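Coordinate-derived values only; no laboratory data. Quantities reported herein were computed from a predicted structural model and do not represent experimental measurements. Every residue, glycine among them, receives a Cβ derived from its backbone with ideal geometry; neighbour counts consider all protein chains shown.
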DNA sequence: AATACGTGGGG
DNA sequence: TCCCCAAGTAT
């Protein structure tokens with residue numbers, strides 16, 4: 001790309017941003033901690049979703065020291081509903097590393113930043129450019145889409161990441177890296193959207209190859225995926241003679257790691273829901289239960305599979321619950337359950353229990 | 001390099 | 001209804 005074009009692209013984008021850039025709360029701050037929190041929350045998550053979480057989080061954990069000193073349960077509770085919970089666990093661990101190894105200061109070296117858990121190349125670039133105005137490129141979903149259209153990229157972005165990183169770096173304005181990166185993301189989020197891009201309002205219209213070839217709605221190229229597997233799960237709401245409910249904390253690794261849940265598991269072929277629940281509870285907790293009435297059936301979709309949750313009331317018969325396949329087990333009341341972080345599908349179960357007890 | 005990892009909203 | 005997607009990272 002000729003240097004004269006690069007200069008025009010920088011200038012037109014920065015002019016556009018000065019007039020139409022979004023007023024977002026983290027842009028009002030130069031605190032690396034606040035900017036870091038926003039960057040992690042924004043991974044694979046829309047601005048609209050993040051806004052309420054961001055404000056609450058800074059109220060609960062106003063500094064990196066406060067976050068480092070917090071209990072993981074409180075951290076996960078503040079993250080409840082945002083998804084990709086490894087982000088919260090990594091944020092917590094990274095805060096402790098910053099306090100212990102960086103004197104409480106967010107590292108300014110990109111290699112040091114990327115050594116922190118949960119911070120990859122794009123997040124590091126986003127933080128260092130936004131907080132310190134360092135000339136470090138980014139390549140998030142917005143930038144991939146904008147650049148793929150700008151050059152009419154004839155490949156799915158995933159196949160040519162090096163080329164896109166190179167382009168992001170070439171275009172980055174060395175004088176205004178903070179505003180340039182933010183402007184690039186705003187362009188993707190508000191003008192160069194996935195569906196019905198507003199090309200007539202775009203500052204890059206003149207240089208956009210996709211627009212000039214009228215293929216903007218076809219780009220970026222996407223790859224089709226096979227249909228998601230579907231799992232049927234039996235879930236137990238086990239109550240004891242005191243009316244308390246049994247919950248367990250999932251292991252740290254993997255899906256929903258560290259969150260609490262109602263115990264249960266996958267229905268085997270030719271197995272009834274009741275038999276599944278009774279078996280799973282014996283295997284996971286080592287106790288005998290009686291499976292009772294159905295509370296609800298709910299559908300939920302994760303990133304890589306779908307589930308049908310068959311939730312039944314159960315009565316504890318005998319045995320002391322043990323954490324055989326989880327990190328912890330606890331009897332709680334419906335009031336106490338508020339303090340525990342649960343996945344979204346389980347929040348629906350709690351709401352149903354609350355409605356049933358009212 | 002390909003896959004695991006959440007959730008809510010839009011077409 | 002169903003698929004796709006949105007400020008990606010870790011392994």
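Descriptive notes on the structure:
- Ellipticity at 222 nm from helices only: DSSP H runs of n ≥ 4 in chain A, each -39500 (n - 2.57), divided by the residue count, give -12500 deg cm²/dmol.
- Separation of alpha-carbon centers, segment A:52-83 and segment A:18-49, rounded to whole Å: 16 Å
- Summary value for segment A:53-121: 30 percent relative contact order, contacts being C-alpha pairs under 8 angstrom separated by 6+ residues.
- Residue exposure sequence - A:171, A:200 - by fewest surrounding Cβ within 10 Å: A:200, A:171
- Highest mobility in the GNM of chain A, judged by mean-square fluctuation with C-alpha springs under 10 Å and restricted to A:73, A:182, A:109, is found for A:109.
- Ordering of A:183-195, A:342-354, A:151-163 by packing [mean C-beta count within 10 Å, highest first]: A:183-195, A:342-354, A:151-163
- Distance between the modelled labels on residue A:44 and residue A:251, one decimal in nanometres: 2.0 nm (7 Å Cα→Cβ projection).
- Potential lengthening between residue A:103 and residue A:232 on full extension [0.36 nm per residue; Cα-Cα distance subtracted]: 41.6 nm
- Mean Cα-pair separation over length for chain A, i.e. relative contact order, pairs under 8 Å, 6 or more apart, %: 15 percent
- Helix A:47-60 and the long axis of chain A differ in direction by around 70°, with both axes built from C-alpha atoms.
- A full extension of the chain between residue A:90 and residue A:240 corresponds to an added length of 50.4 nm, given 0.36 nm per residue minus the alpha carbon distance.
- Cα pair distances exceeding 26 angstrom across chain A, given as percent: 59 percent
- Residues in segment A:209-235 reached by a label modelled at residue A:294 [backbone nitrogen below 15 Å; 7 Å Cα→Cβ]: A:232-235
- Among A:137, A:226, A:107, the residue with the largest mean-square fluctuation in a Gaussian network model of chain A, with springs joining Cα atoms closer than 10 Å, is A:226.
- Segment A:112-165-segment A:168-246 distance, computed between alpha-carbon centres (Å): 13 Å
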